[in-house]
Structure formats: structure tokens, C-alpha cells
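All remarks here apply to the structure that follows.
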Amino acid sequence: MPHKTVTESAAGAAESPPAASPKRWWILAIVAVAQLMVVLDATIVNIALPSAQADLGFSDGNRQWIVTAYALAFASLLLLGGRIADLFGRKPAFLIGVAGFAAASALGGAATSFEMLVAARALQGVFGALLAPAALSLLNTTFTDARERATAFSVYGAIAGAGGAVGLLLGGVLTDALDWRWTLYVNVPIALVALTGGWMLLSNHRDAANSKLDVPGTILVAAGLFSVVYGFSNAESHDWGSPLTWGFLLAGGVLLTVFAWWQTRAAHPLLPLRILLDRNRAASFLTVLITGAGMFGVFLFLTYYLQLNLGFSPTKTGVAFLPMVGALMVMAQLGTTVLVPRLGPKVVLPLGFAVATAGMAWLTGIGVGSDYLTSVLPQLIVIGVGLGMVMPPAMQLATGGVAAEDAGVASATVNAMQQVGGSIGTALLSTLAASAATDYLAGRDATSPAVQAQASIESYTTAFWWSAGLFAAGAVISFLLFRRGVPEQDPEAAPVVHM
């Protein structure tokens, strides 16, 4: 296959794309390892939180900061990280990101206080924001053959979609077998593999070397994204009426609006608006946002249900998610390489959302006495099939066809959408679930274990219904926004040239 691509590229000389890198599949492996590390960290620490809390002695109120510190730093700096990769080269951005992430993980594993752990998690977010866009844009510029590129993105998208569940499994195994600290230390060996491979395989190329960094734009978007994520995380710990919630959400909206206006004026915009003006790409960004929001409903509340109601251990909980991961990975491959090239995104993505909606609605049938095999397993497989048809194709469409100098920042926008979506989903669903439990307990004997158990079921099923609603909205939005037909692409054209 490599020979075919090289000879065809050579034959075309002037118009043809550059020859595909003979090391491209190894590069995919390294990028996949690095991406897995970043995605794992969104959930791996969740399962370890109770143990870390007992060890370091921090309050329930402070517990969310272990998760939020990572999300805040990661989301607010992603666009800057993507632009740095474009300006200074993807190889140094990738290597510094991996090395910094490993160092921050080691610091977190060795934490002797709550403050030290929060600082380490924030640092992980900072280096993750440099690493994630560099990794995705490396795929975008390494794979020049359309068919191979679809395969590469199906692998990447499957990891992005399934990494959360893998994080829960790994977090459970490490916490049970060793210690909560290993949920952070585990990143060090993973990073060493990615660092060694990246150093040997990647070549440095600066596609936007003549541009300059848009400092006002960087400050505006970082502050805007920070405010949005912080506002939503406050909704979970305070309430929607708190100035810390609506004040930050309002400020975030204003800052992001000013950022969008500034991008039309800046000489070297951080996020060139040409990236957002393509209809399929804009639809893909929205799709990733909605998927991120809905998916957290599955991971978060099903984890609680399996552990607290069905009595699963952390390890068993992680294993329980594996069928969903398997279904997601199979459909990721089918979706990007077979379905979208034949049917187009206007058919495949709404259909995937509809399948995920059905799976989530079916999952609301859980009860106090339900068992995993009949009330959880089939539903998880259906949800995995649906998300596998949505997530990887959306990521491919979001970054396909961008100019080489914009690959990093387009990739960063995908990651930012997923992160912000996750924050919105976590805050929104947690608040709705909590109020459903409170409503159920009103006028009932709250001291009764049976009433308490049923109240928790009410909270989970409410979250699942809202997740189903988010996926249903995704089906409608993706149907309305995506263009008809298959994405226009000459099968031998490089995806990184101007379309």
C-alpha cells in the first residue's frame, strides 16, 4: 500500500499530494498512545477520588476540584496549544506536551496535600492542551490518502470516545490492586513510550511559521472558555441562581462573543473564521459538543449505579463498560471507512444519534432490583454502536480539508468542544439528577434505605432521559446542518491542501 501511494504521488508531480510517510502507521500508534493518556485522565481519577480523599483528608466540597482543575486548564488553553503547534512545529509541541504531562502526573502521584494534587491536575491540563491538538493535527497532516486517513481517524475517534470507559476500568484496577496514586503514576510509562516514539518518528514542520501569535485573541478565548467551564462546574457545587454560576456563564458568553468579533479584525487570528465557515465542519464541531455532553451521563451516573446499587467493585465497574467500548470501536471503523464515504454524513450521523437516543431511553428502565445482564448490558452495546457512528466521523469531518497552517487550531477546536461539552453535561445532568432525588424524597421517609435507594434510581433515570434528549437534539441538528451527499474529496488528494 505505501508503494502505491508513493508512485501515484510521484506520477502527479506538481498537483499531487506529498508522498505518504512510510512511518505513518507507527506515527498513528504513537499519537493513539498519547491521546489515550489525555482522555484517560478525564475519568481515571474519578474512581480513585474516595481513596485520595481518605488519604489526604479533604472535604466533599473540595473533591470536585480534583476533576475541575484539569478541565479548566485543559479547555481554556486548547486553542493556544493548537496555534503553538502550527507556529513552532508539531514535533516540539507534541514532545513538550507529553514530557510535561508525565512530570505533572508524577507530581500528582506524589502529592502530600490537597493543594499539591490540585496544582498537579491543573498542570496536567496545561500540558494536555499542548499535546492533544498537536496529536490530532499530526494525523491530519501525516495521512494524505483519503482511505488510509479514514482508518486513522476511526482509530483516533474510537480512543476519544472509549477512553473515558477505559479510564474507569484502569482506575478501578489500579485503585483495587495498588493505590489511588497509581491512577496518576500510570501516565509515566505511557508517556515514555509516546516520547521515545515521537522523538524517533516525527519530523518537525512549521506550517504557519510566518504568522504571529494573536495575544488579545488568546487572552479573550482562554478567559472565555475558563469562565464557561468554571460557571458550569459551579452549577454543580452551588446552584444555578448563584452569581458564581450565572455570573461566570454570562462573562464567558460575552468574552467569547468579543473573541469572535476580534477574529474578524486580527492580522493573524488565533482561530481563522474560514475554519468555522465550512458548513460540514461547523456541524461537526456542534456534534462533538453534544456527544461530549451526553456521554458524561452514561459514564458518571452508570458508575454510581453499578457501584452503589448493584455493589460492583471499581474493577468490575470498569469491566462492565467494556462491551460499550467494543461496540464503539467496531462502529468507528465501519462509520469512517464504509458508511460516511458511501452514504454521507447527513445520513450516518443523525442515524448514529438516533441509535444512541434509543439506547439511553432503554437504559432508563433500571430499577433497584435490576441485574446487569438484562438491564444494562444490551443498552450499553446499543449506545456504543450509536456513538461509534457519530464521534469518529465527526472528528474526521471537523479537521478534514483545512489548510496545513490551520490544522493545529482546527484540532484544538474539536478538543475544546468535547471538553466544554463534557463540562456542560456533567453540570447540567448532576443538577437535574440531584433535584429529581430531592423531589422524590419530599413527603417520604428519607431515613428508610428502600426510599433512599429508589431516590437514587430516580436521579439516575432523570440523567439518562436528559442524555437521550441531548442525543435526540443532536440527531435533528446534524440532519439539518450537514450537507447532502458524500464529502467531496478526490480519493488521492491530500486533505491538508486548500479546498
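The values are calculated or read from the model by the stated rules, or taken from the named source; none is laboratory data. For clarity, every value in this text was computed on a predicted model and none was experimentally measured. Cβ coordinates were reconstructed from backbone atoms using ideal geometry, including for glycine residues, and neighbour counts include every protein chain displayed.
Picking from Ala32, Ala42, which residue would you name as being closer than 22 Å to Phe127 by Cα, surrounded by fewer than 22 Cβ atoms within 10 Å (Cβ to Cβ), at pLDDT 50 or above and within 16 Å of the chain's Cα centre (by Cα)?
On the way: Ala42 fails: surrounded by fewer than 22 Cβ atoms within 10 Å (Cβ to Cβ).
Ala32 is the lone residue from the list that is closer than 22 Å to Phe127 by Cα, surrounded by fewer than 22 Cβ atoms within 10 Å (Cβ to Cβ), at pLDDT 50 or above and within 16 Å of the chain's Cα centre (by Cα).
Taking the criterion of being acidic (Asp, Glu) and either in contact with a Ser or Thr (Cβ under 9 Å, 6 or more places away or on another chain) or modelled with pLDDT under 80 (or both), would at least one residue in the range 115-127 satisfy it?
Looking for residues that are acidic (Asp, Glu) and either in contact with a Ser or Thr (Cβ under 9 Å, 6 or more places away or on another chain) or modelled with pLDDT under 80 (or both), one finds none in the range 115-127, hence no.
Under 21 Å from the mean Cα position of the chain (by Cα) and among the charged types (D, E, K, R): which single residue out of Arg63, Arg83 fits that description?
Exactly one residue qualifies, and that residue is Arg83.
Would you mind telling me which numbered condition in (1) of a type in the set (A, V, I, L, M, F, W, C); (2) over 17 Å from the mean Cα position of the chain (by Cα); (3) farther than 23 Å from Pro133 by Cα Ile383 fails?
For Ile383, the failing item is (2).
Being without any contact (Cβ under 8 Å) to a residue 24 or more places away in the chain and either exposed (fewer than 15 other Cβ atoms within 10 Å of the Cβ) or within 24 Å of Arg342 (Cβ to Cβ) (or both) is the filter here; which residues of the range 366-394 pass it?
Gly369, Leu373, Thr374, Pro378, listed by residue number.
Got a number for residues in the range 113-131 being touching a Leu at 6+ places or on another chain (Cβ under 8 Å) and either without any contact (Cβ under 8 Å) to a residue 12 or more places away in the chain or not aliphatic (A, V, I, L, M) (or both)?
Taking the range 113-131 first, the residues touching a Leu at 6+ places or on another chain (Cβ under 8 Å) are 113-114, 116-117, 119-120, 122-123, 125-126, 129-130.
Next, from what is left, pick out any that are either without any contact (Cβ under 8 Å) to a residue 12 or more places away in the chain or not aliphatic (A, V, I, L, M) (or both): 113-114, 116, 125.
Total meeting the criteria: 4.
Count, please, the residues in the range 144-176 that happen to be more than 21 Å from Gly388 (Cβ to Cβ) and either buried (at least 24 other Cβ atoms within 10 Å of the Cβ) or without any contact (Cβ under 8 Å) to a residue 12 or more places away in the chain (or both). Outline the logic, then answer.
First, pick out the residues of the range 144-176 that are more than 21 Å from Gly388 (Cβ to Cβ): 144-145, 171-176.
If we keep only those that are either buried (at least 24 other Cβ atoms within 10 Å of the Cβ) or without any contact (Cβ under 8 Å) to a residue 12 or more places away in the chain (or both) as well, we get 171-172, 175.
Within the range 144-176, residues that are more than 21 Å from Gly388 (Cβ to Cβ) and either buried (at least 24 other Cβ atoms within 10 Å of the Cβ) or without any contact (Cβ under 8 Å) to a residue 12 or more places away in the chain (or both) number 3.
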